[in-house]
């Protein structure tokens, strides 16, 4: 059971740390930068919830991200890589992700 006071405190923290605004700003940046990669068929998402669709299966790409670059990602089906970072992801961390992502493509 969830205690309502915990929910209220969590919401206060989200507001105080501007996490929603941060997710929008960093997410918009990532969406625009990821659209520049010709290997990606489609980039879609909102905020920091991002899906990258490829023509080919992403199993090998995802494995290289995880084991070589230590970047955890999700998958949706065979050809979609999912990004679900925390709301507090910084621009610097987003840039680091893009550099690591570029290495494995």
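Brief remarks follow.
- Pair list, Cβ < 8 Å and 6+ apart or interchain, from the stretch 23-36 residues that are over 10 Å from residue 48 (Cβ atoms) to residues that are not in a helix (DSSP H, G or I): 34/40; 34/43; 34/50; 34/52; 35/43
- Leading residue by the ranking (surrounded by the fewest Cβ atoms within 10 Å (Cβ to Cβ)) among those in the stretch 68-105 that are touching a residue at least 24 places away in the same chain (Cβ under 8 Å), within 11 Å of the chain's Cα centre (by Cα) and assigned to a strand (DSSP E or B): 82
- Restricted to the stretch 5-36, and to residues there that are outside any helix (DSSP H, G or I) and out of contact with any strand residue (DSSP E or B) (no Cβ under 6 Å at 6 or more places or on another chain), the residue that is surrounded by the fewest Cβ atoms within 10 Å (Cβ to Cβ) is 36.
- Matching residues in the stretch 1-46 - criterion: being at positive phi and modelled with pLDDT of 95 or more: 45
- Residue count for the stretch 37-63, restricted to those that are outside any strand (DSSP E or B) and either exposed (fewer than 15 other Cβ atoms within 10 Å of the Cβ) or in contact with a strand residue (DSSP E or B) (Cβ under 9 Å, 6 or more places away or on another chain) (or both): 16.
The values are calculated or read from the model by the stated rules, or taken from the named source; none is laboratory data. All of these numbers come straight from a predicted model, not from anything done at the bench. In this analysis, Cβ positions are derived from the backbone assuming ideal geometry, glycine residues included, and neighbour counts consider all displayed protein chains.
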